Amino acid sequence: MTQPTLLLVEDDPFDVLAMKRCVAANDLPVRLECAADGEEGLAALNRLLAAPHPAAVFVLLDLNMPRMNGVEFLDALRADLRLARTLVYALTTSNDVRDRRATYARGVGGYICKDAIAPDYSDLAAFVRHFVDLVTLPEPGQP
């Protein structure tokens with residue numbers, strides 16, 4: 001089974017470290033890539049999709065970032081025909097209804113408040129594992 005890539009677009013180094021620890025501690029079947037803002041996130045997506053046999057990619061997106069924030073990232077993503085169908089989940093500290101509306105209007109698959117996940121990210125780990133189980137097909141010849 002080819003591991004999907006989880007692209008974390010997040011500027012907070014503590015949240016990045018927490019996600020890296022979460023992936024390792026829970027043996028999540030993903031390849032974790034990180035980008036510090038929306039511009040780096042778009043560059044990473046373009047690089048990942050340019051690979052000869054690109055794996056499935058999904059994004060966990062912070063909203064409040066420098067240079068290019070999460071909403072700007074979503075606008076650029078949806079405007080690019082190659083990237084437009086990329087699955088994105090907002091992962092943010094914002095519980096503001098305006099942010100929720102703005103991201104859902106731009107086609108996010110879900111909105112996750114960081115306060116709602118367990119301190120050790122175990123809830124997020126379970127979400128990622130279930131998501132991968134749902135979207136990953138076995139290699140030919142395997143059940």
> Restricting attention to segment 44-68, which residues are within 14 Å of the chain's Cα centre (by Cα) and free of Cβ contacts under 8 Å to residues at least 40 places away in the same chain?
Replying inline: A44
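In the list A116, A105, A90, A84, which residue meets the criterion of being touching an Asp or Glu at 6+ places or on another chain (Cβ under 9 Å) and free of Cβ contacts under 8 Å to residues at least 12 places away in the same chain?
Only one candidate qualifies: A116.
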> In segment 24-39, is there at least one residue being in a helix (DSSP H, G or I), surrounded by 19 or more Cβ atoms within 10 Å (Cβ to Cβ) and modelled with pLDDT of 95 or more?
Replying inline: yes
>> Just the residues that are outside any strand (DSSP E or B) and either modelled with pLDDT of 95 or more or touching a strand residue (DSSP E or B) at 6+ places or on another chain (Cβ under 6 Å) (or both), please, taken from segment 100-123.
In response: R100, R101, A102, T103, Y104, A105, R106, G107, V108, G109
>> Filter segment 70-81 down to the residues that are in contact with a helix residue (DSSP H, G or I) (Cβ under 6 Å, 6 or more places away or on another chain) and in contact (Cβ under 8 Å) with a residue 40 or more places away in the chain and list them by number.
In response: F73
> When you look at R67, is it in contact with a helix residue (DSSP H, G or I) (Cβ under 6 Å, 6 or more places away or on another chain), surrounded by fewer than 18 Cβ atoms within 10 Å (Cβ to Cβ), modelled with pLDDT under 95 and not aromatic (F, W, Y), yes or no?
Replying inline: yes
> How many residues, within segment 48-64, are at pLDDT 95 or above and either loosely packed, with under 13 Cβ neighbours inside 10 Å or aromatic (F, W, Y) (or both)?
Replying inline: 0
> From the residues in segment 78-94 that are closer than 15 Å to D62 by Cβ and over 13 Å from the mean Cα position of the chain (by Cα), which one is surrounded by the fewest Cβ atoms within 10 Å (Cβ to Cβ)?
Replying inline: T93
>> Of everything in segment 41-66, what is out of contact with any Ser or Thr (no Cβ under 7 Å at 6 or more places or on another chain) and assigned to a helix (DSSP H, G or I)? Give them in sequence order.
In response: G41, L42, A43, A44, N46, R47, L49
> V97 is checked against (1) out of contact with any strand residue (DSSP E or B) (no Cβ under 9 Å at 6 or more places or on another chain); (2) farther than 20 Å from A79 by Cα; (3) surrounded by 14 or more Cβ atoms within 10 Å (Cβ to Cβ); (4) at pLDDT 90 or above and fails just one. What number does that condition carry?
Replying inline: (3)
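Give the residue, chosen from V71, V88, V16, that is assigned to a strand (DSSP E or B) and of a type in the set (V, I, T).
V88
The values are calculated or read from the model by the stated rules, or taken from the named source; none is laboratory data. Quick caveat, the model's predicted, so the values are computed rather than measured. Cβ coordinates were reconstructed from backbone atoms using ideal geometry, including for glycine residues, and neighbour counts include every protein chain displayed.
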